[in-house]
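Submitted below is the structure of interest, expressed as structure tokens.
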Amino acid sequence: MKMDRISFLPNSILCNILSYLPTEEAVSTSILSSRWRQVCKELQVFDIDDTPFRSGLEWEARFVSYVNAILTQRNADYPIQKFRLTCNKVSKSLLLTWLNAVIGPHLQELYLNIDLPIKLPEAILTCPSLKSLILKRDSFLDSYPKFSNVYLPSLKNLELDIVYMDPSKLLSGCPVLENFKLILQVHDNSCVALIPTMQQMPRTLKSLIIEDNTFFNGVSHRLILIDTPSLEYLHIKVMTLLNSKLEFSFSNFINIVEAHLDLLHDCIYHVGWVPHLLHALRETKLLALKGYSTLCLFSAPAFEFPEFHRLLNLELDVPCFSINFLLNFLHSSHVLEALVINDISKEKYFHLVEYDGPAPPTMVPNCVTSHLKSFEFRGYEDSVDKREFIAYLLQRGLALEIVTIHLNYVFNQETKYDIVRELSAIPRGSTTCQLNFIDQNAVEHG
């Protein structure tokens, strides 16, 4: 006889296995036997989503009955440790009833993705064991007058993807916070007052993601202070338009490992803090300047590149191609191993900006002769200066192992053939360098 090995496992292991499944699938195992019904009552991890219920008549009622049954029939001796809830249509009173049933001294992770503005139960803000709190869409943090009793002594991960909020009120009660993701999405003048003019990030942070999508009529000036000496990962994405001015103040990130900056085209007119950020990031190993970030350096008065002594990977979106700018960057990146350039000049959403920086030194950058192993050029549009830069790296890159050129989809086949032939004929300083060409049009329609 074939042995049912799974049934011999203890309930604790079976519950752990089921915790990796959506709750709807996990509880469906209760039809197998009375043993499995007992296992389902001992579940301590729940991932509840109304998406599978969104069909047929009265699906909202079926979803409510489903959640009520799960929360009322479970064994209270096994407290909930992780709870995820994603739903669109449910009453405030019912939602609060569910949350009150979930919150307890053993709750470690709470994820709420609800399309309903509610005042969160105060017990959430004083949960001693909570390690991760993720709030998406509409949660009214500003419904609390003072937030004086907020204290989350174990919280290490916080994600706020919501509209009506002042994050500083919550951050003040998180003494050991390490990971913070903040997405601002205010599109209404009536909500502007909810955003403080100055926000300070906790010094304990190791990872920080800030995405600003605010847009409204009128002018808003805001300052975000980032004095986080333990920070290892930073990602700033600013989509704010001209009438909302966002500024940052930085300390030196001595432990930074990876940094990303992504700016919308209209942002380049009021982001004078970008040069200061670059200097604060001089210890990073990976740097990605996306969107129109590089243009902020083109016209920065008296800007000098910091010395990147640990930078290994550099990725640049280039709206305006400048060999001098790129060579100055390479001269400051002493041990760079991988360079990616993404030509976005075809996106004609900006005024042409000339690079005002100095001419680069005549000597070849140290990273080019000794360290650069990989170079990738995306969105290549053939021009004299771009071809000259590729030839510069091919001829002087003594450590190059692979060069990849992504040909722009606007070229016809004959033009692509000519480009491949001419670039392939360039002498290479590295005998092991492979030159590859990728047809972007074939990739996009493949």
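Among the residues of the range 383-392 satisfying the criterion of being touching a residue at least 40 places away in the same chain (Cβ under 8 Å) and part of a helix (DSSP H, G or I), which is surrounded by the fewest Cβ atoms within 10 Å (Cβ to Cβ)? Spell out how you get there, then give the answer.
Restricting attention to the range 383-392, the residues satisfying the condition of being touching a residue at least 40 places away in the same chain (Cβ under 8 Å) are 383, 385-386, 388-389, 392.
Retained after the next criterion (residues that are part of a helix (DSSP H, G or I)): 385-386, 388-389, 392.
Details: Asp385: 12, Lys386: 19, Glu388: 10, Phe389: 19, Tyr392: 18.
Here the answer is Glu388.
Please go through the range 90-135 and give me each residue that is polar (S, T, N, Q) and either under 18 Å from Leu71 (Cβ atoms) or buried (at least 16 other Cβ atoms within 10 Å of the Cβ) (or both), ordered by number. Spell out the reasoning first.
Here is the first cut: in the range 90-135, the residues polar (S, T, N, Q) are 91, 93, 97, 100, 108, 113, 126, 129, 132.
Within the range 90-135, Ser91, Ser93, Thr97, Asn100, Gln108, Asn113, Ser129, Ser132 meet the criteria.
Continuing with the same structure: Consider the range 67-83. How many of its residues are over 18 Å from Pro105 (Cα atoms) and open to solvent by less than 40 Å² (accessible area, probe 1.4 Å)? Don't jump to the end; show me each part of the working.
Just the residues of the range 67-83 that are over 18 Å from Pro105 (Cα atoms), to begin with: 67-70, 72-73.
Now drop any that are not open to solvent by less than 40 Å² (accessible area, probe 1.4 Å), which leaves 67, 69-70.
Adding up the residues that qualify gives 3.
Return yes when Phe63 is assigned to a strand (DSSP E or B) and in contact with a Phe, Trp or Tyr (Cβ under 7 Å, 6 or more places away or on another chain) and no when it is not.
Considered against the rule, which asks whether it is assigned to a strand (DSSP E or B) and in contact with a Phe, Trp or Tyr (Cβ under 7 Å, 6 or more places away or on another chain), Phe63 comes out as no.
If the requirement is being touching a Ser or Thr at 6+ places or on another chain (Cβ under 9 Å), touching a residue at least 60 places away in the same chain (Cβ under 8 Å) and either open to solvent by less than 60 Å² (accessible area, probe 1.4 Å) or closer than 24 Å to Thr432 by Cβ (or both), which of these qualifies: Phe321, Phe308?
The match here is Phe321.
In the list Val353, Val364, which residue meets the criterion of being of a type outside the set (Gly, Ala, Ser), part of a loop (DSSP other than H, G, I, E, B), within 25 Å of Glu304 (Cα to Cα) and modelled with pLDDT of 95 or more?
That would be Val364, the only listed residue that is of a type outside the set (Gly, Ala, Ser), part of a loop (DSSP other than H, G, I, E, B), within 25 Å of Glu304 (Cα to Cα) and modelled with pLDDT of 95 or more.
Okay, moving on. Under 6 Å by Cβ, and 6 or more places apart or on different chains, what pairs join a residue from the range 152-168 that is over 17 Å from Leu205 (Cβ atoms) with one that is modelled with pLDDT of 80 or more?
Cβ pairs passing all conditions: Asp161/Lys136; Asp161/Ile183; Ile162/Leu135.
Moving on to the next point. Show the residue pairs that are 6+ apart or on different chains and have beta-carbon atoms under 6 Å apart, the first residue being within the range 55-70 and of a type outside the set (Asp, Glu), the second being part of a helix (DSSP H, G or I).
Pairs found: Trp59/Phe53; Arg62/Phe53; Phe63/Phe53.
Within the range 87-139, track down each residue that is free of Cβ contacts under 8 Å to residues at least 12 places away in the same chain and assigned to a helix (DSSP H, G or I).
Once the filter is applied, which keeps residues that are free of Cβ contacts under 8 Å to residues at least 12 places away in the same chain and assigned to a helix (DSSP H, G or I), the range 87-139 yields Ser93, Thr97.
Before we move on, is Val335 at pLDDT 90 or above and in a strand (DSSP E or B)?
No: the conditions fail for Val335.
Just the residues that are farther than 16 Å from Lys386 by Cα and either open to solvent by less than 90 Å² (accessible area, probe 1.4 Å) or in contact (Cβ under 8 Å) with a residue 40 or more places away in the chain (or both), please, taken from the range 399-409.
Scanning the range 399-409 gives Ala399, Leu400, Ile402.
Right, here's the next one. Select from the range 280-316 the residues that are modelled with pLDDT under 95, assigned to a loop (DSSP other than H, G, I, E, B) and within 25 Å of the chain's Cα centre (by Cα) and list them in ascending order.
Within the range 280-316, Tyr292, Ser293, Thr294 meet the criteria.
Between Tyr417, Tyr380, which is buried (at least 17 other Cβ atoms within 10 Å of the Cβ), more than 17 Å from Asn313 (Cα to Cα) and at pLDDT below 95?
On inspection, the qualifying residue turns out to be Tyr380.
The values are calculated or read from the model by the stated rules, or taken from the named source; none is laboratory data. These numbers were taken from a predicted model, which means no experiment stands behind them. Every residue, glycine among them, receives a Cβ derived from its backbone with ideal geometry; neighbour counts consider all protein chains shown. Remember, those area values only see protein heavy atoms, side chains included, never the ligands or the DNA or RNA. Shrake-Rupley method; radii C 1.70, N 1.55, O 1.52, S 1.80 Å.
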